[in-house]
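Peer 1: Mind having a look at this structure? Questions to follow.
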Amino acid sequence: MDHLTVVTHPLVQHKLTLMREKDTPTAVFRQLLREISQLLAYEVTRELPMEMKRIETPLQAMDAPVLAGRKLALVSILRAGNGLLDGILELVPSARVGFVGLYRDEATLQPVQYYFKVPEMLGERLVIAVDPMLATGNSSAAAIDLLKEAGATDIRFLCLLAAPEGIARMKAAHPDVPIVTAAVDEKLNEKGYIVPGLGDAGDRMFGTK
Ligand code: URA
């Protein structure tokens, strides 16, 4: 997989535009995120290995493709990651789930860890780390550091919006981790927000301020 994949599908772009609009209500924002997460999951799981299985249709026997049982782990980077997680879990309900709790110190913009719980045998799984906003990349890179320390070797990073600064930071720290996103915006502002962006994803998803 390329280091960066931007999912330009019209449905993704349309839903993202609705999410960006400042007057989109919380419930609609959340629903749109759920829908986009499934379209992004389609892309991030595109290369999952398949195997053939002998089945019987009502008409005849055939060899048909099924997932080869590759173990998956979805890791939500709290708290906004949960918005992406829910939708993806509907598509891959058997995936194991982990959580990394990092908050961004508003003064230094550096990530501070407060929670870490991931499935066992991380090294045998395809690990998909999810966080809607790849901004400075500091917390994303730190989360990937933690996942690698826990044994993960095959990791993908799924987000909704990315800033060029975050992509560069991730590429420098984790060139082996492909990024899938719906859009790359212009830049970060002085507060570390992605512009034009969509604001604080967690606040908009959970209706907090
Ligand atoms: N996190 C957000 O939720 N929004 C941004 O713009 C940057 C980081």
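The values are calculated or read from the model by the stated rules, or taken from the named source; none is laboratory data. Everything numeric in this text was worked out from a predicted model, so none of it was measured. Heads up, the Cβs are rebuilt from the backbone with ideal geometry, glycines too, and the neighbour counts pull from every protein chain shown.
Peer 1: Given the residues 75, 66, 6, 44, which is the only one that is in contact with a helix residue (DSSP H, G or I) (Cβ under 8 Å, 6 or more places away or on another chain) and among the β-branched types (Val, Ile, Thr)?
Peer 2: Numbers: 66 fails: in contact with a helix residue (DSSP H, G or I) (Cβ under 8 Å, 6 or more places away or on another chain); 6 fails: in contact with a helix residue (DSSP H, G or I) (Cβ under 8 Å, 6 or more places away or on another chain); 44 fails: in contact with a helix residue (DSSP H, G or I) (Cβ under 8 Å, 6 or more places away or on another chain).
None of the other options fit; the residue is 75.
Peer 1: Would you say residue 123 is touching a residue at least 24 places away in the same chain (Cβ under 8 Å), in a loop (DSSP other than H, G, I, E, B) and over 14 Å from the mean Cα position of the chain (by Cα)? Lay out the reasoning, then the answer.
Peer 2: Numbers: touching a residue at least 24 places away in the same chain (Cβ under 8 Å): yes; in a loop (DSSP other than H, G, I, E, B): no; over 14 Å from the mean Cα position of the chain (by Cα): yes.
Here the answer is no, as residue 123 does not meet what is asked.
Peer 1: Residue check, residue 171 against (1) more than 20 Å from residue 112 (Cα to Cα); (2) without any contact (Cβ under 8 Å) to a residue 40 or more places away in the chain; (3) surrounded by fewer than 17 Cβ atoms within 10 Å (Cβ to Cβ); (4) away from the ligand (no atom under 16 Å from the Cβ), all met but one. Which one?
Peer 2: (2)
Peer 1: Could I ask something else about it? When you scan region 1-115 for strands (runs of 3 or more DSSP E) that lie fully inside it, which ones turn up with 1 or more residues that are more than 22 Å from residue 167 (Cβ to Cβ)? Write out each step before concluding.
Peer 2: Working: elements: 4-6, 50-56, 61-67, 72-78, 96-104.
Once the strands (runs of 3 or more DSSP E) in region 1-115 are filtered for at least 1 residues that are more than 22 Å from residue 167 (Cβ to Cβ), what remains is 50-56, 61-67, 72-78, 96-104.
Peer 1: Go through (1) in contact (Cβ under 8 Å) with a residue 60 or more places away in the chain; (2) of a type outside the set (Phe, Trp, Tyr); (3) within 12 Å of the ligand (Cβ to nearest atom) and name the single condition residue 179 misses.
Peer 2: (3)
Peer 1: If I go through region 78-98 residue by residue, how many of them are touching a helix residue (DSSP H, G or I) at 6+ places or on another chain (Cβ under 8 Å), more than 16 Å from the ligand (Cβ to nearest atom) and among the aliphatic types (A, V, I, L, M)?
Peer 2: Number of matching residues: 5.
Peer 1: Among the candidates 112, 130, 100, 118, which residue alone is free of Cβ contacts under 8 Å to residues at least 40 places away in the same chain and touching a strand residue (DSSP E or B) at 6+ places or on another chain (Cβ under 8 Å)? Reasoning before the result, please.
Peer 2: On the way: 130 fails: free of Cβ contacts under 8 Å to residues at least 40 places away in the same chain; 100 fails: free of Cβ contacts under 8 Å to residues at least 40 places away in the same chain; 118 fails: free of Cβ contacts under 8 Å to residues at least 40 places away in the same chain.
After ruling out the rest, the residue left standing is 112.
Peer 1: Looking at 45, 57, which is the one that is of a type in the set (S, T, N, Q) and more than 19 Å from residue 1 (Cα to Cα)? Spell out how you get there, then give the answer.
Peer 2: Details: 45 fails: more than 19 Å from residue 1 (Cα to Cα).
One residue alone meets the criteria, 57.
Peer 1: Looking only at region 45-76, which residues are at pLDDT below 95 and in contact with a Phe, Trp or Tyr (Cβ under 9 Å, 6 or more places away or on another chain)?
Peer 2: Passing the criteria: none in range.
Peer 1: I'd like to verify a number: residues in region 190-209 that are more than 17 Å from residue 77 (Cα to Cα), aliphatic (A, V, I, L, M) and within 6 Å of the ligand (Cβ to nearest atom), how many?
Peer 2: 1
Peer 1: With respect to the numbered conditions (1) farther than 15 Å from residue 77 by Cβ; (2) surrounded by fewer than 22 Cβ atoms within 10 Å (Cβ to Cβ); (3) within 10 Å of the ligand (Cβ to nearest atom), which one is the sole condition not fulfilled by residue 186?
Peer 2: (3)
Peer 1: Among (1) more than 16 Å from the ligand (Cβ to nearest atom); (2) more than 12 Å from the chain's Cα centre (by Cα), which single condition is residue 101 missing?
Peer 2: Every condition holds for residue 101 apart from (1).
Peer 1: Right, next: For region 38-77, how many residues meet the condition of being more than 26 Å from residue 181 (Cα to Cα) and either within 21 Å of the chain's Cα centre (by Cα) or within 16 Å of the ligand (Cβ to nearest atom) (or both)?
Peer 2: Adding up the residues that qualify gives 0.
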